[in-house]
Amino acid sequence: MSSRIEQIIDEIEEYIDRDCKFQPLSTTKIIVNKEHLEELLRELRMKTPDEIKRYQKIIANRDAILSDAQAKADAMIEEAQVQTTELVSEHEIMQQAYAQANEIVTQATAQAQEIVDNATRDANEIRLGAIQYTDDLLANAESIIGHTLDSYATKYDSLINSLQECYDTVRTNRAELEIPADESVN
């Protein structure tokens with residue numbers, strides 16, 4: 001879309017090219033209608049301030065738009081930098097948290113292993129103690145039973161010998177009492 005100034009300039013050029021004639025014997029000088037040319041120039045002078053003001057507004061608007069765009073771009077860059085800083089900070093925090101978690105897991109694993117080792121050692125000590133206690137009880141029982149066996153074996157041997165003597169005596173006595181077969185009572 002062309003401005004009114006450009007249209008007037010086009011009209012002046014068209015007037016010169018179409019309506020003006022060369023002076024006799026010249027190829028560069030022309031004859032112009034002074035009133036018509038002055039009217040076009042007057043209109044050009046009148047429109048020029050308006051056009052200049054319009055262009056100044058456009059330039060001012062352009063500058064304001066560029067300034068606004070620059071401000072928005074700067075704000076976006078600043079926000080991106082803040083977000084980047086936050087992300088980096090969050091990443092560092094996450095790395096620290098992971099490191100702490102790994103350290104806690106390592107410590108917990110070591111403590112758990114120590115507890116298991118202590119429990120295993122205690123269980124082994126208790127088991128060995130129980131075995132020793134049982135062995136002591138069995139040794140005591142063995143001793144009592146052994147003494148009892150020795151005591152009763154001696155008494156049993158005496159009883160057997162005594163019973164054997166009684167048996168032998170009864171047998172001898174019966175043999176002495178034996179009646180001959182032909183004298184038996186029928």
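Looking at A71, A64, A60, just one residue is farther than 30 Å from I5 by Cα and assigned to a helix (DSSP H, G or I), and that residue is A71. Consider the range 166-180. How many of its residues are open to solvent by less than 90 Å² (accessible area, probe 1.4 Å), at pLDDT below 90 and in a helix (DSSP H, G or I)? Total meeting the criteria: 1.
Pairs linking a residue in the range 24-41 that is of a type outside the set (S, T, Y) to a residue that is open to solvent by 80 Å² or more (accessible area, probe 1.4 Å), with Cβ atoms under 6 Å and 6 or more positions apart or on different chains, are I30/F22; I31/K21.
For the range 8-36, the candidate set comprises residues that are more than 25 Å from M46 (Cα to Cα) and assigned to a loop (DSSP other than H, G, I, E, B); within that set, the residue that is most open to solvent (accessible area, probe 1.4 Å) is L25. Please find, within the range 67-97, the residue that is modelled with the highest pLDDT out of those that are among the hydrophobic types (A, V, I, L, M, F, W, C) and open to solvent by 100 Å² or more (accessible area, probe 1.4 Å). The qualifying residue modelled with the highest pLDDT is M76.
Identify all residues within the range 138-162 that are open to solvent by 90 Å² or more (accessible area, probe 1.4 Å), of a type in the set (A, V, I, L, M) and modelled with pLDDT under 80; write none if there are none. Across the range 138-162, the qualifying residue is only L149. Could you check the range 51-66 and list, in sequence order, the residues that are free of Cβ contacts under 8 Å to residues at least 40 places away in the same chain and either under 50 Å from the mean Cα position of the chain (by Cα) or open to solvent by less than 90 Å² (accessible area, probe 1.4 Å) (or both)? Within the range 51-66, I52, I58, I59, A60, D63, A64, I65, L66 qualify. The numbered conditions (1) at pLDDT 85 or above; (2) not in a helix (DSSP H, G or I) are all true for R45 except (2).
The values are calculated or read from the model by the stated rules, or taken from the named source; none is laboratory data. The model shown is predicted, which means the values in this text are computed figures rather than measured ones. Here the Cβ is made from the backbone with ideal geometry for all residues, glycine too, and neighbour counts use every protein chain on show. When the accessible area is computed, the model is the full protein with side chains, heavy atoms only, and any ligands, DNA or RNA have been set aside. Shrake-Rupley method; radii C 1.70, N 1.55, O 1.52, S 1.80 Å.
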